[in-house]
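Encoded as structure tokens, the structure appears first; notes follow it.
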Amino acid sequence: MSVRTLTPFDRLLAGLERAMEAVGGSPEAGRRSPGDAVPDAPMDDAERRHAAGLMRINHVGEVCAQALYYGQAALARTPETRAHLLHAAQEETDHLAWCAERLKELDSRPSLFNPLWYAGSYAIGVAAAAVGDPISLGFVVETEHQVEAHLAEHLERLPAQDDRSRAILRQMQADEIRHADAAQARGGIDLPFPIPKIMHAASMVMKTVAYRF
């Protein structure tokens with residue numbers, strides 16, 4: 001039985017399908033949401049809006065992670081690095097699905113700017129990979145460290161009774177730490193100044209916009 005070789009056009013179509021799922025679809029998670037085991041506690045309107053704003057930020061973060069990893073995988077120099085990035089992207093798909101599900105439970109929606117977030121992150125991923133695998137993996141390390149920090153902040157800022165969202169963020173945080181450690185072990189290097197500062201500033205803009213829109 002022959003195996004069909006994917007053409008560049010095939011890969012383009014697959015990439016567009018992934019982008020559409022990340023931006024506006026309902027990606028299928030490979031793991032059950034950690035929030036499913038936690039009862040949904042009553043919240044007033046203000047608390048629900050606040051929880052939804054935080055979860056919308058986290059959903060945007062996962063949209064960006066999808067784009068970033070697939071952009072990096074597209075130009076990875078070695079099959080091992082590409083496989084690592086695609087595996088991490090699959091786990092980020094779980095996070096994306098969990099956040100999307102939680103937003104629906106909170107009677108809210110994803111960010112209106114998801115296409116913009118995806119396109120920008122994909123371009124950054126391609127640019128990082130073009131420099132070489134050590135920089136690309138270093139970008140993963142720095143990104144995951146910054147995501148871990150903002151998840152810790154959100155764990156504190158969620159309404160006290162919203163343990164359902166909190167369970168999701170705790171599992172996401174554990175996965176991000178593991179992704180950073182794995183990328184560093186594969187040769188990721190520290191990014192030169194001022195790249196981490198620029199990344200942090202960009203994330204602050206994203207979080208401010210995504211909280212409301």
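The values are calculated or read from the model by the stated rules, or taken from the named source; none is laboratory data. Everything quoted here is computed from the prediction, not taken from an experiment. Quick reminder, even Gly has a Cβ in these numbers, built from the backbone with ideal geometry, and neighbours come from all protein chains shown. What goes into the accessible areas is simple: the full protein's heavy atoms, side chains included, and nothing from ligands, DNA or RNA. Shrake-Rupley method; radii C 1.70, N 1.55, O 1.52, S 1.80 Å.
Answer yes or no: is there a residue in segment 156-179 that is open to solvent by 30 Å² or more (accessible area, probe 1.4 Å), in contact with a Gly (Cβ under 6 Å, 6 or more places away or on another chain) and of a type outside the set (Gly, Ala, Ser).
Yes, segment 156-179 contains a residue that is open to solvent by 30 Å² or more (accessible area, probe 1.4 Å), in contact with a Gly (Cβ under 6 Å, 6 or more places away or on another chain) and of a type outside the set (Gly, Ala, Ser).
Going by what's in this entry, would SER121 be described as open to solvent by 10 Å² or more (accessible area, probe 1.4 Å), under 30 Å from ALA160 (Cβ atoms) and hydroxyl-bearing (Ser, Thr, Tyr)?
No: the conditions fail for SER121.
If you check ALA74, ALA88, which single one turns out to be hydrophobic (A, V, I, L, M, F, W, C), under 13 Å from GLY125 (Cβ atoms) and open to solvent by 10 Å² or more (accessible area, probe 1.4 Å)?
That would be ALA74, the only listed residue that is hydrophobic (A, V, I, L, M, F, W, C), under 13 Å from GLY125 (Cβ atoms) and open to solvent by 10 Å² or more (accessible area, probe 1.4 Å).
Does any residue of segment 92-104 turn out to be crowded, with 16+ Cβ neighbours inside 10 Å, modelled with pLDDT under 95 and over 23 Å from ASP162 (Cβ atoms)?
yes
Go through segment 183-204 and give me each residue that's farther than 9 Å from GLY138 by Cα and more than 16 Å from the chain's Cα centre (by Cα).
Selection gives ALA185, ARG186, PRO192, PHE193, PRO194, ILE195, PRO196, LYS197, ILE198, ALA201.
Give just the number: which of (1) out of contact with any Cys (no Cβ under 8 Å at 6 or more places or on another chain); (2) within 27 Å of PRO115 (Cβ to Cβ); (3) open to solvent by less than 50 Å² (accessible area, probe 1.4 Å) does MET204 not satisfy?
It fails just one condition, (3).
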